[in-house]
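Notes for the one structure printed next.
The values are calculated or read from the model by the stated rules, or taken from the named source; none is laboratory data. Because the structure is predicted, anything quoted here is derived from the model rather than measured. Note that each Cβ is placed from the backbone with ideal geometry, even for glycine, and that neighbours are counted across all protein chains shown.
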Amino acid sequence: MSEKIMEKTIKDYLKEVKAKLPEWIKDKKEHKDILAELEEHIWSKAEELSETGHPTENSVKLAITHMGTPESIAKEYKRRGTPKVYITEEMWPLYTKVLLIVFSVIVAINIVTQIVLDLILGGEPFLEVLGSLIMAIQGGLVTSFIIISIVFVLLSMEGYFPEDFKSKKDLMKEKLLAETAEEKGWPTSQKTGKPLKPFIKPIGEIIGGGFLILIGCLVLFQPFLIDLMDVQFLILLRIFGALIVAEGALGLTRGIIGNRQPSTHQLIHIITIVVKLAPIPLLLILMNQPEIFPLLNWDDVTESFVNIGIAPEFYGIYRNIIVFLIVGSVLLLAEDMYKIFKLQNYKV
């Protein structure tokens, strides 16, 4: 009878330990080995503490006391990772990545929503639209930042690592990637020690760059409807075309260089950012001079296109659209900035 009581005492204790263990251990089924090892230690310690050399109810209770409380045992497994501002260094890259993705989605949703509402409800004054958009974005960013930060602090306190969220299939892919990287001599991240995949697909960059150059040339030389455009608008359009050609040429250059010279790629991205910022002054000119923007319509009488221009009552909507284009241009810079920082890992 005494043996059953001892077994039940140990079983209840192990049950409490299991409840306190972090979830990442349970997800990996590692808790079974931990509990089995702990039970073995308890029986061994109970024998040691027993006067008879065999476990007794009292010696089992003493052995459990020596093991510590379930909370103290679980705490040892939660001390995983290197502390960094309440979030471990191991979780920090995932934390910043999630923030970037969520922030981008919030900004994009607010911009698209504002455009749709503006088109449905009619144009509103520019300052009112911009003010409401900024307030909506700020509210979304602050709320998401607080929620995400709290979640990652809690995950860090539980000892989670990014790989704990990956399936066995993903872990197997990483293992194969490491083997491939070793065979091909790919660089290794200085932060994580993991192999780095090629940072660009040369063929894709070459095709994309060539396509942009083609589009840019069409805009630059304007083979169609050139006689219907305002001279000032035509000049702006050709400058836009030249900038598109420049951006395509930069992408083409990256494709030709391939997965070499990361410093050169960083420089190209910096130049690309300047090229992407260059159209903003041109858009501001268009925003303040809606009368030069051509609005073409087909005339059944002359059987040709005619320039009817934008009616003054639609100037508000027109200006708001230009504002959203400017905001979108600025947001697109985030991709190049991210790639500049990412390429730092390839400098070995």
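Observations on the structure shown:
- Failed item in (1) touching a residue at least 60 places away in the same chain (Cβ under 8 Å); (2) among the basic types (Lys, Arg); (3) under 30 Å from Asp336 (Cβ atoms), with Arg79 passing the rest: (3)
- Hits in segment 60-90 (condition: β-branched (Val, Ile, Thr) and assigned to a helix (DSSP H, G or I)): Val60, Ile64, Thr65, Ile73
- Counting only helices (runs of 4 or more DSSP H) that fall entirely inside segment 91-200 and contain at least 2 residues that are among the acidic types (Asp, Glu), over 24 Å from Tyr315 (Cα atoms) and modelled with pLDDT under 80, the qualifying elements are 168-184.
- Some residue of segment 40-60 being surrounded by fewer than 18 Cβ atoms within 10 Å (Cβ to Cβ), without any contact (Cβ under 8 Å) to a residue 24 or more places away in the chain and closer than 30 Å to Leu154 by Cβ: no
- For segment 237-259, the count of residues that are among the β-branched types (Val, Ile, Thr) and closer than 22 Å to Phe324 by Cα is at least one.
- Filtering Leu234, Leu243, Leu220 for residues that are assigned by TED's automatic domain parsing to the domain that holds Val275 and modelled with pLDDT of 90 or more leaves a single hit, Leu243.
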